[in-house]
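The values are calculated or read from the model by the stated rules, or taken from the named source; none is laboratory data. Quantities reported herein were computed from a predicted structural model and do not represent experimental measurements. No Cβ is skipped: glycine too gets one built from the backbone with ideal geometry, and neighbour counts run over all protein chains shown.
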Amino acid sequence: MKKPSIVVLGAGYGGMIATVNLQKSLGINEANITLVNKHDYHYQATWLHENAAGTLHHDRTRIEIKEVINMNKVNFVKDTVVSIKPDEKKVKLKNGEIYYDYLVIALGFEAATFGIPGLDEHAFTIGSINSARLIREHIEYNFAMYNNEKDPNDARLTIVVGGGGFTGIEFLGELANRIPELCKEFDIDKNKVRIINVEGAHTVLPGFDPDLVEYAMNSLEARGIEFKTGALLKECKPDGIVIEKDGKLEEIPTKTTVWAAGVRANSIIEASGFETNRGKIEVRNDMRAPDYDDVFVVGDCALIMNEESGRPFPPTAQIAIQMAEAVSHNVKAMATGSGEVESFEPKILGTVASLGHDDAIGVVLNDRKLFGFKATVMKKVIDNRYLLKLGGPGLLFKKGKFNIFY
Ligand code: FAD
Ligand code: NAD
């Protein structure tokens with residue numbers, strides 16, 4: 001009998017956990033497993049703000065796929081997905097095509113720029129190893145240029161972060177740690193540097209615990225971050241941004257705008273003609289796409305509703321990993337005809353956000369609030385737990401975060 005072909009698209013949290021689980025649970029004679037990814041490495045998107053600020057080298061964040069995946073059991077294809085044709089059970093790649101019996105879509109997120117003028121052209125985003133490295137290099141270049149121009153341009157030392165959600169806040173924390181080092185390195189007076197956060201809501205981290213929000217703002221303000229809340233970023237230019245606050249427009253000169261004000265699902269989903277809700281595939285209980293019994297979706301491309309709040313669950317690595325665990329079970333059940341497909345129910349264990357390497361905030365099980373040292377340790381435990389799950393103790397010791405003071 002022909003072995004079924006299982007194809008996983010994307011090697012982020014969802015794609016990697018799905019592939020590792022399938023590799024472990026399926027025998028070589030039971031199915032052909034293929035993983036397709038743009039790069040030959042997996043990166044932990046949850047560390048990219050550190051790479052962007054330059055507080056952590058990007059080689060710590062990326063993991064070679066062959067280190068984790070058994071290439072004798074999984075066919076790895078380094079290629080870029082162009083579109084999915086579910087009616088033909090086929091995926092178009094930049095360099096060919098691939099057919100499947102079961103598909104797992106795990107193509108992740110992109111920055112959402114909401115049509116704001118100039119953002120696509122002039123702003124930076126934190127979305128991949130390459131985009132994070134570009135931000136680090138760009139900031140260093142501007143600091144290096146500052147003392148090499150006849151008329152030093154203060155816009156080179158102004159960094160604007162658009163959006164005060166978790167990505168914006170975590171990036172600000174890293175910048176707060178990094179800027180003093182950069183000033184020393186490039187002979188720059190620290191008082192000349194401005195790091196400005198522009199957040200449209202009346203507070204950063206809207207909807208999060210107010211005590212922890214206050215703690216985060218105090219911690220970051222004490223390290224020189226300026227907050228402009230209730231202020232919408234309206235336009236981005238090569239040399240500045242325009243914001244609107246209390247009905248008034250203000251222009252802030254800057255050479256560096258980092259847009260961290262929201263994400264959307266990979267645009268391949270909409271372009272491939274799937275039925276979407278907010279750009280994502282609203283999956284059935286077993287994580288299958290509505291009209292296709294052979295297509296599963298995990299991570300930031302999938303939408304699942306939180307019945308309690310009546311709103312979608314936020315796109316997080318935590319949920320992507322849990323979805324992948326459920327999907328690998330269900331794909332195996334269908335591909336081998338053994339067992340039943342299961343419904344997926346996310347278990348939210350909490351939310352912990354770093355404020356640089358030495359401070360953090362979080363809410364964990366039973367609404368317990370954490371901040372400072374305890375939250376910092378918890379954040380590292382979460383990061384290390386993922387490495388252990390993905391690649392066992394070997395990967396944990398190679399890439400894990402063990403220094404609790406840095
Ligand atoms: P991704 O991790 O985005 O992976 C998608 C993969 O698909 C990538 O490897 C990409 O290269 C590949 N790919 C994309 N397009 C193509 C293509 N056309 N062809 C081939 N391959 C392609 N969540 C948390 O739970 N906790 C956190 O602390 C946290 N911190 C975060 C910090 C930052 C700075 C950011 C940006 C996000 C953070 N998140 C966090 C959110 C989390 O990173 C995402 O929800 C998670 O990465 C989604 O996982 P995924 O598997 O769906 O996709
Ligand atoms: P987000 O959507 O959570 O936050 C975006 C922020 O930008 C919001 O506060 C919004 O009010 C603001 N905003 C939107 N348009 C604006 C404008 N024009 N001007 C000014 N402000 C504007 O996006 P995110 O922070 O990128 O997070 C994406 C996902 O990743 C979320 O689900 C988040 O929970 C997750 N994440 C989690 C962690 C963590 O758990 N530690 C860290 C980072 C990201």
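Numbers for the structure displayed
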{"read-out": "Boolean, Phe171 is assigned to a helix (DSSP H, G or I) and within 12 Å of ligand 2 (Cβ to nearest atom)", "value": "yes"}
{"read-out": "Residues of the stretch 58-79 satisfying the condition of being surrounded by 15 or more Cβ atoms within 10 Å (Cβ to Cβ) and in a helix (DSSP H, G or I)", "value": "His58, Arg60, Thr61, Ile65, Val68"}
{"read-out": "Leading residue by the ranking (nearest to ligand 2 (Cβ to nearest atom)) among those in the stretch 119-149 that are among the charged types (D, E, K, R) and over 17 Å from Ala52 (Cα atoms)", "value": "Asp120"}
{"read-out": "Test: residue in the stretch 379-390 that is over 30 Å from Asn70 (Cβ atoms), modelled with pLDDT under 95 and not small (Gly, Ala, Ser)", "value": "no"}
{"read-out": "Flag if Ala375 is part of a strand (DSSP E or B), within 16 Å of ligand 1 (Cβ to nearest atom), in the same structural domain as Ile225 (by TED's automatic domain parsing) and surrounded by 12 or more Cβ atoms within 10 Å (Cβ to Cβ)", "value": "no"}
{"read-out": "Tally of residues being away from ligand 1 (no atom under 13 Å from the Cβ), charged (D, E, K, R) and buried (at least 23 other Cβ atoms within 10 Å of the Cβ) across the stretch 143-181", "value": "1"}
{"read-out": "Condition check for Asp300: surrounded by fewer than 18 Cβ atoms within 10 Å (Cβ to Cβ), touching a residue at least 40 places away in the same chain (Cβ under 8 Å) and in contact with a helix residue (DSSP H, G or I) (Cβ under 9 Å, 6 or more places away or on another chain)", "value": "no"}
{"read-out": "Residues of the stretch 248-274 satisfying the condition of being in a loop (DSSP other than H, G, I, E, B) and over 24 Å from Ser328 (Cβ atoms)", "value": "Thr254, Lys255, Ala260, Ala261, Gly262, Ser267, Gly273"}
